[in-house]
Amino acid sequence: MPPTEKTAETMTKRQRWAALALLSAGLVMITIDMTILFIALPKLTAELRSTTTEQLWIVDIYPLILAGLLIPMSAVADRIGRRKALLIGFTLFGLVSLLVLFATSSAMVIGLRAMLGVAGALIMPTTLSMVRSIFTDPMERTRALAVWSMFAEVGAIIGPLVGGTLLEFFSWHAAFLINVPVAAAVVILGLILLPEARDPNPPRWDFLAVAYSIAGMVAIVWGIKNAAKHNWADLAAGGVLLAGVLLIALFVVRCLRSSEPLIDVRLFTSKPFTAGIIVALTTSLAMGGLMLLLAQWLQIIAGYPPLLAGAALMPMILGSLVSSLLAPEAARCIGARNVVGLALVIAGGGMLLLGAMGNLTSYWQLITPMLMVGVGLGSLVIASAIIMGSTPVAKAGNAAALEECTYELGDVLGIAIIGSVAAASYRANLPVGGLGKPLADAAQESLVGALSVARDLSLPDLAAQAVTAFNTGIVQASLAGGVIILLAAVVVFMMVPKDFDIAATEH
């Protein structure tokens, strides 16, 4: 049978799992790209002489574009075919990554990262919706979603490790070029392995709804990021955030009033579906915030080189791998609600444990909290099974887009909320009297700034105080994150029915 005629119903079990392996490999590439610059950024910005603003845009433009386009690109995939959209996305991702060889300025890198965001928006929800389409048996689908979730988590976590490894031997360009062979392999094998799937009755294209969704998501993500950077006192950022919320509200109203909505927001009337979305939001929030703080602690305070800093995050990876593999069977035995609730409690407990440690003086203090948070990430497996299992196959693209948007918002909120709590605590606990305003501002801006001022002025006490203040910030942020996750556990436990069965075909 020609590849273009392949359907999920005609695929053998071996073909289905081979397709999943291919989709998972591609997904890892996309999620690695979200965090790989945590390690590569210093070398990149030093070579290109990037300003502080340019550095922020190099990091932020990818998730901004990705978040803004997830919903419209999902609708495009439902219309033209998810397989076709996926292969177009990977082709674009590979070509844009190759163009980094010609990047000679920060502006060019920002442009390339923006184009990668466009390609990523075609890929991410499509991989998830195709898993839903390929695996029609509920229990087999749950196991497949467990693998998909595991790779999604691992990709984001190992980004710094991959970046550190590459930077030990190559220039910062390698952080982009690693995408090229992966994208090429996915496109070639995808033509052979993947079946086509689409919404049999796609809605009409709603340009106004598309405009609302793009502008709203971009405004929300940008507003949160910038409000957090100014300790939530930036009126302009607050105004943009409010505008984003209003635009998304208009998008939701328009979808509710339409007989053919771009995205079926009525999916949220299902309590299990909404609970799954809450799990995705809170777990990605915890991971995003914790990853940011730990990456800084390992490199700036512990003095780990990039490769070792990435490897030091392995406990989180191991915890996630184990829990992801065990979660489906655990859900079958004790129920999906209990597994999700327990996983969130473990993750929240890990954050609270880190917060209870006080001053961080050794890497060994981080291992148990990282393991616990990693284990908690296993809840994403069951959350995805709940979300996709509660959704008709025809609406798989809708559910996937909403879930992916939740991951993006969770990551942004994690960095914004957890990061801003840490930053506020750092500034409050760093004495800068007698330094003068320019030096005081530099010291309070970041730990790197404080250490630089301390080194230039030969003030070892300032350096020690800055490290203590940063550690205090991690403690406060971890406590806040732990409370958020534990509250989510309570909400999810109340919303998911006790007898919810992820192996059932309908709920």
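Among the residues that make up the range 294-302, is at least one of them part of a helix (DSSP H, G or I), of a type in the set (S, T, N, Q), crowded, with 21+ Cβ neighbours inside 10 Å and more than 20 Å from the chain's Cα centre (by Cα)?
Within the range 294-302, one or more residues are part of a helix (DSSP H, G or I), of a type in the set (S, T, N, Q), crowded, with 21+ Cβ neighbours inside 10 Å and more than 20 Å from the chain's Cα centre (by Cα).
List pairs: first residue in the range 323-335 and closer than 12 Å to Ala385 by Cα, second residue modelled with pLDDT of 80 or more and open to solvent by 10 Å² or more (accessible area, probe 1.4 Å) anywhere in the structure, Cβ distance under 7 angstrom, at least six positions apart or on different chains.
These pairs meet every condition: Ala327/Val339; Ala331/Val339.
Among the residues of the range 373-390, is any surrounded by fewer than 24 Cβ atoms within 10 Å (Cβ to Cβ) and modelled with pLDDT under 85? Reasoning before the result, please.
Our first condition is that a residue be surrounded by fewer than 24 Cβ atoms within 10 Å (Cβ to Cβ); within the range 373-390, this holds for 390.
After this cut, where a residue has to be modelled with pLDDT under 85 as well, the list is 390.
Scanning the range 373-390, I find at least one residue that is surrounded by fewer than 24 Cβ atoms within 10 Å (Cβ to Cβ) and modelled with pLDDT under 85, so the answer is yes.
Against the definition (open to solvent by 10 Å² or more (accessible area, probe 1.4 Å), outside any loop (DSSP other than H, G, I, E, B) and farther than 30 Å from Gln299 by Cα), how does Ile88 come out, yes or no? Outline the logic, then answer.
On the way: open to solvent by 10 Å² or more (accessible area, probe 1.4 Å): yes; outside any loop (DSSP other than H, G, I, E, B): yes; farther than 30 Å from Gln299 by Cα: yes.
Spelling it out, Ile88 is indeed open to solvent by 10 Å² or more (accessible area, probe 1.4 Å), outside any loop (DSSP other than H, G, I, E, B) and farther than 30 Å from Gln299 by Cα.
Out of the range 5-56, which residues are at pLDDT 80 or above and in a loop (DSSP other than H, G, I, E, B)?
Across the range 5-56, the qualifying residue is only Thr12.
Answer with yes or no whether Val491 is closer than 23 Å to Gly358 by Cα and either open to solvent by 20 Å² or more (accessible area, probe 1.4 Å) or not in a helix (DSSP H, G or I) (or both).
Details: closer than 23 Å to Gly358 by Cα: no; either open to solvent by 20 Å² or more (accessible area, probe 1.4 Å) or not in a helix (DSSP H, G or I) (or both): yes.
Criteria not met by Val491.
Could you grab me the full set of residues in the range 338-393 that are in a helix (DSSP H, G or I), over 28 Å from Asp137 (Cβ atoms) and polar (S, T, N, Q)?
Passing the criteria: Gln365, Thr368.
Listed here are the residues, each with its yes/no results for (1) among the small types (Gly, Ala, Ser); (2) in contact with a helix residue (DSSP H, G or I) (Cβ under 9 Å, 6 or more places away or on another chain).
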site: Ala46; (1), (2): yes, no
site: Ser50; (1), (2): yes, yes
site: Trp57; (1), (2): no, yes
site: Ile61; (1), (2): no, yes
site: Ile110; (1), (2): no, yes
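Out of the residues in the range 457-474 that are farther than 24 Å from Gly355 by Cα and of a type in the set (A, V, I, L, M, F, W, C), which is least open to solvent (accessible area, probe 1.4 Å)?
Leu459
Residue check, Leu435 against (1) open to solvent by less than 10 Å² (accessible area, probe 1.4 Å); (2) in a loop (DSSP other than H, G, I, E, B), all met but one. Which one?
So Leu435 meets the others, but not (1).
Sort out which residues of the range 101-111 are within 23 Å of Ala185 (Cβ to Cβ) and either buried (at least 21 other Cβ atoms within 10 Å of the Cβ) or touching a strand residue (DSSP E or B) at 6+ places or on another chain (Cβ under 8 Å) (or both), and write them in order of number.
none
From the list Val118, Val131, exactly one residue is farther than 30 Å from Gly319 by Cα and either open to solvent by 20 Å² or more (accessible area, probe 1.4 Å) or part of a helix (DSSP H, G or I) (or both). Which is it? So that I can check it myself, show each step before the final result.
Numbers: Val131 fails: farther than 30 Å from Gly319 by Cα.
From the options Val118, Val131, the qualifying one is Val118.
Of the conditions (1) free of Cβ contacts under 8 Å to residues at least 40 places away in the same chain; (2) closer than 17 Å to Asn398 by Cα, Gly276 fails just one. Which one is it?
(1) is the only condition that Gly276 fails.
On the given criteria, is Arg141 more than 29 Å from Leu326 (Cα to Cα), at pLDDT below 80 and not polar (S, T, N, Q)? Spell out the reasoning first.
Working: more than 29 Å from Leu326 (Cα to Cα): no; at pLDDT below 80: yes; not polar (S, T, N, Q): yes.
No: the conditions fail for Arg141.
Let me spell it out: the conditions are (1) under 30 Å from Val76 (Cβ atoms); (2) surrounded by fewer than 23 Cβ atoms within 10 Å (Cβ to Cβ); (3) in contact with a Leu (Cβ under 6 Å, 6 or more places away or on another chain), and Gly355 meets all of them except one. Which number is the exception?
All conditions are met except number (1).
Take Leu208 and decide whether it is touching a residue at least 24 places away in the same chain (Cβ under 8 Å), assigned to a helix (DSSP H, G or I) and exposed (fewer than 14 other Cβ atoms within 10 Å of the Cβ). Don't jump to the end; show me each part of the working.
On the way: touching a residue at least 24 places away in the same chain (Cβ under 8 Å): yes; assigned to a helix (DSSP H, G or I): yes; exposed (fewer than 14 other Cβ atoms within 10 Å of the Cβ): yes.
Answer is yes for this residue.
The values are calculated or read from the model by the stated rules, or taken from the named source; none is laboratory data. All figures in this text were calculated on a predicted structure; none of them were measured in a lab. Here Cβ is always computed from backbone atoms with ideal geometry, including for glycine, and neighbour counts include all displayed protein chains. Heads up: the accessible areas ignore ligands, DNA and RNA and are worked out on the full protein's heavy atoms, side chains in. Shrake-Rupley method; radii C 1.70, N 1.55, O 1.52, S 1.80 Å.
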